[in-house]
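As structure tokens, the structure follows; a few thoughts come after it.
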Amino acid sequence: MSDIASKRRDFDEIDTDGDGFVTAVELAASLQVNPKVSDDNIAAVVEIADEDGDRRIDFDEYAALVR
């Protein structure tokens, strides 16, 4: 599987409502394993990845984040 296909698969798993964006709620749900990730850390990741300021992470922003 190519790197971009792998990133797309992972992104689509996080984007549970299928709208093409990952919200803080979806990101938090995907990261809630032991130990739990704090809401502050989730907000920081969204802020870092969100290049256009819409408080959502689109695929291009996700791919740049996880490169």
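The values are calculated or read from the model by the stated rules, or taken from the named source; none is laboratory data. Predicted model, so just to flag it, every value in this text is computed and none were measured. Note that each Cβ is placed from the backbone with ideal geometry, even for glycine, and that neighbours are counted across all protein chains shown. For the accessible areas, the whole protein counts, side chains as well, though only heavy atoms, and no ligand, DNA or RNA atoms are used. Shrake-Rupley method; radii C 1.70, N 1.55, O 1.52, S 1.80 Å.
Some points to look at:
- Whichever residue in the stretch 33-54 is assigned to a loop (DSSP other than H, G, I, E, B), at pLDDT 95 or above and surrounded by 12 or more Cβ atoms within 10 Å (Cβ to Cβ) and, among such residues, is nearest to the chain's Cα centre (by Cα): 50
- Matching residues in the stretch 21-30 - criterion: being of a type outside the set (Ser, Thr, Tyr) and in contact with a helix residue (DSSP H, G or I) (Cβ under 7 Å, 6 or more places away or on another chain): 22, 24, 26, 27, 28
- Close Cβ contacts (under 7 Å, 6 or more residues apart or on different chains) running from residues in the stretch 7-19 that are hydrophobic (A, V, I, L, M, F, W, C) to residues that are open to solvent by less than 60 Å² (accessible area, probe 1.4 Å) and not in a helix (DSSP H, G or I) comprise 11/22; 14/22.
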